[in-house]
Amino acid sequence: MTRRDELPVRPITEAEFKDWHRAMNVGFLREPTLTEEQVEARRPQFVPGRLLGAFDGDRCVATFRSFAQEITAVGGAFVPADAVSNVTVSPTHRRRGLLSRMMTQDLTAAKERGDVVATLIAAEYPIYGRYGFGPATWAAEWTVDVTRTGLDRRWSGPADGGRIDLVDAEDVRKLGPELHERLRRAQPGAVSRDELWWRVNTGAVRLGGSWTEPYYALYRSATGEVEGLVSYESDDNWHRKQPHNTADVNWLIAVTPAAERALWHFLCSIDWITQVKSGWRAPDDLLPLLLPDPRAARLTVQSDWLWVRVLDVVRALQARTYEGSGSLVLEVVDAGGLSGGRYRLQASAQGASCAPSTESADLTLDVADLAALWLGDESAVRLAALGRVREERAGAARSADALLRTSRRPWCPDLF
């Protein structure tokens, strides 16, 4: 048996790419073997130095991948991020510290590269807090009983002069990227999408498993501007000559409230559709309130979504905007040794400055809790009540909320 501290953790070579994927599939309980076609489809994901593996002899037994990403801060600034994905440890090699070593190696490199934060979608909640990640956005899914919405079943199109058209995958690849750019400029927590994302999510590249071609519907305003796009699928479920079909939304982009309203009303108007599943949406999504009877939209899932790890406190706090004015001195505790220290934030609607400070702290908090506050979703008052934030000055948590919280909740539309 190889000692736990002797198993090498290192960047993989391109020749090890297939074996690395086999190990990842094992960790995710997928079919281990990949075809050569599947390996080649994934080849663009290979970036030298960004795929780590742990090896027991010649066999890869743990996987870790990161890639360059941008995340939208409050106010619309794009912040460079180290996106973490494909994290697995084979069941034969658990509890040997392999994940900790891979994470430390990757985050150290990200800090040296100048990334401001790291991001990930956590498959399991308890794992990543110990590495300084905190849940910064949440997501919700609604199931809409179309028969109870109160919508006019004779609806045949938007009343605002806009129109909805069915389009094909090629149209989506042409129009979707710019539409998403408009969305992420306005949506804190949204992340960048590369060309591969669009090719995978329109079936041009098949990474494995079965592919069902979805429907795509496009909303244009009265002036002809593209403002919304939805990808959805439907089943074929009939009972006693009555339709009980469900429209499953894969993703929906809307950059105006009019587009959002029109696309949801369109989905609820499709003949034979009696139920609409929203897919992952923002926790304060407009969907229920767009219906005459909001109770027709039943909240079926609500969960943490995007986790953030602050690597550079100064740049992270300076990147976002603030609706109010004030100052805070934060004592940031970071067991990982990457971002700890005392910092003074001075913020107003005109901008913000942040710098290391020797002043007395107003709040003491872990770097993971700073991440939860950074995008404006979490409340310092709530965290103080939980014992996760300590007030060094009475009322400091309330002052932090007045500066940091946002009128709408952040949201990340993507799974990566």
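The values are calculated or read from the model by the stated rules, or taken from the named source; none is laboratory data. Given the structure is predicted, the values throughout are model-derived calculations rather than measurements. Every residue, glycine as well, gets a Cβ built from its backbone with ideal geometry; the counts of neighbours run over all protein chains shown. Only protein heavy atoms, including side chains, enter the accessible area calculation; ligands, DNA and RNA are left aside. Shrake-Rupley method; radii C 1.70, N 1.55, O 1.52, S 1.80 Å.
Close amide H contacts of Trp142 (hydrogens built in the peptide plane, cut-off under 5 Å, sequence separation of 5 or more or a different chain): Ser278, Gly279, Thr300. Give the separation of the Cα centroids, segment 82-138 to segment 278-340, in Å. Here the answer is 19 Å between Cα centres.
Kirkwood hydrodynamic radius, computed over distinct alpha-carbon pairs, for segment 321-400: how many Å, to one decimal? All intermediate terms of the calculation are to be shown ahead of the outcome.
On the way: mean 1/r = 0.0786 Å⁻¹.
Mean inverse Cα-Cα distance, inverted, gives 12.7 Å.
Given Cα pairs under 8 Å that are at least 6 residues apart, what percent is the relative contact order of segment 275-398?
On the way: 185 pairs, mean separation 25.3, N = 124.
Value for segment 275-398: 20 percent.
Under the convention that each Lys and Arg Cβ holds +1 and each Asp and Glu Cβ holds -1, the size of the dipole of segment 324-413 around its Cα centre is about 260 debye.
For Phe78, the solvent-accessible surface computed with a 1.4 Å probe is close to 70 Å², ligands and nucleic acids excluded. Distances between placed amide hydrogens fall under 5 Å for Val117 paired with Asp82, Leu311, all partners being 5 or more residues away or on another chain. Model label points for Glu170 and Ala77, set 7 angstrom from Cα along the Cα-to-Cβ axis, are 4.2 nm apart. Between the amide H of Ala62 and those of Ala54, Ser90, distances stay under 5 Å, these residues lying 5 or more places away or on another chain, with hydrogens modeled in the peptide plane.
Placing unit charges on each Cβ (+1 for Lys and Arg, -1 for Asp and Glu) gives segment 223-262 a dipole about its Cα centre, and among Thr223, His239, Ala254 the Cα reaching farthest toward its positive end belongs to His239. Go through Gly150, Ala122, Val333 and say which Cα lies farthest out towards the positive end of the charge dipole of the chain; charges sit on Cβ, +1 for Lys and Arg, -1 for Asp and Glu. With unit charges placed on the Cβ atoms, the residue in question is Val333. Counting protein heavy atoms only, segment 196-319 has 47 percent of its accessible area on carbon and sulfur, 1.4 angstrom probe.
For segment 1-142, take the convex hull of the Cα atoms, compute a quarter of its surface area, and give me that in nm², please.
Details: hull surface 42.0 nm².
Averaged projected area of segment 1-142's Cα convex hull equals 10.5 nm².
In order along segment 366-376, phi translates into HN-Hα couplings of 6, 4, 5, 6, 4, 4, 5, 8, 4, 8, x Hz, rounded to whole numbers, per the Karplus curve 6.51 cos²θ - 1.76 cosθ + 1.60 with θ = phi - 60° and x for Gly and Pro. Computed from phi, the 3J(HN,Hα) profile of segment 256-270 under the Karplus parametrisation 6.51, -1.76, 1.60 (θ = phi - 60°) reads 9, x, 5, 5, 4, 4, 5, 5, 5, 5, 4, 4, 7, 9, 5 Hz, with x in place of Gly and Pro.
Suppose all protein chains stay in the model; what accessible area per residue would a 1.4 Å probe give for the chain, in Å²?
Working: 19610 Å² over 416 residues.
With the other protein chains kept in place, the chain gives 47 Å² per residue.
Here the 3J(HN,Hα) profile of segment 277-290, calculated from phi with Karplus coefficients 6.51, -1.76 and 1.60 at θ = phi - 60°, is 9, 6, x, 6, 10, 4, x, 10, 4, 6, 2, x, 7, 7 Hz, Gly and Pro shown as x. By the rule of a C-alpha distance below 30 Å, with chain neighbours fewer than 8 residues away ignored, the lysines paired with Lys111 are Lys18. Working from label points 7 Å from Cα in the Cα-to-Cβ sense, the Glu225 to Asp271 distance is 3.5 nm.
In segment 74-177, Rg over Rh equals 1.15, where Rg is the alpha-carbon radius of gyration and Rh the Kirkwood radius from pairwise Cα distances.
Return the Rg/Rh value of the chain, two decimal places, where both radii are evaluated on C-alpha atoms and Rh is the Kirkwood radius.
Values: Rg = 23.2 Å, Rh = 23.3 Å.
Result: Rg/Rh = 1.00.
If you roll a 1.4 Å probe over segment 337-416 with all protein chains in place, what percent of the accessible area is carbon or sulfur?
Working: 1750 of 3690 Å².
Answer for segment 337-416 is 48 percent, counting heavy atoms of protein chains only.
Sequence-distant contacts, meaning Cα pairs under 8 Å at least 6 residues apart, place the relative contact order of segment 46-108 at 29 percent. A probe of 1.4 angstrom, applied to the heavy atoms of all protein chains, finds Ile12 with accessible area near 10 square angstrom.
Simple rule: put +1 on each Lys or Arg Cβ and -1 on each Asp or Glu Cβ in the chain, find the dipole, and look at Ala77, Ala397, Leu299; the Cα lying farthest toward the positive end is Ala397. Using the Cβ-Cβ distance between Ala109 and Arg240 with R0 set to 56 Å, the FRET efficiency from 1/(1 + (r/R0)^6) comes to roughly 0.40. Separation of segment 185-254 from segment 1-69 is 30 Å, based on Cα centroids.
The charge dipole of the chain, taken about its Cα centre with unit charges on the Cβ of Lys, Arg, Asp and Glu (plus for the first two, minus for the last two), comes to roughly 700 debye. Summing Cβ point charges (Lys, Arg +1; Asp, Glu -1) relative to the Cα centre of segment 2-77 gives a dipole of roughly 200 debye.
Dividing the mean sequence gap of close Cα pairs (under 8 Å, 6+ apart) by how many residues segment 1-140 holds gives a relative contact order of 22 percent.
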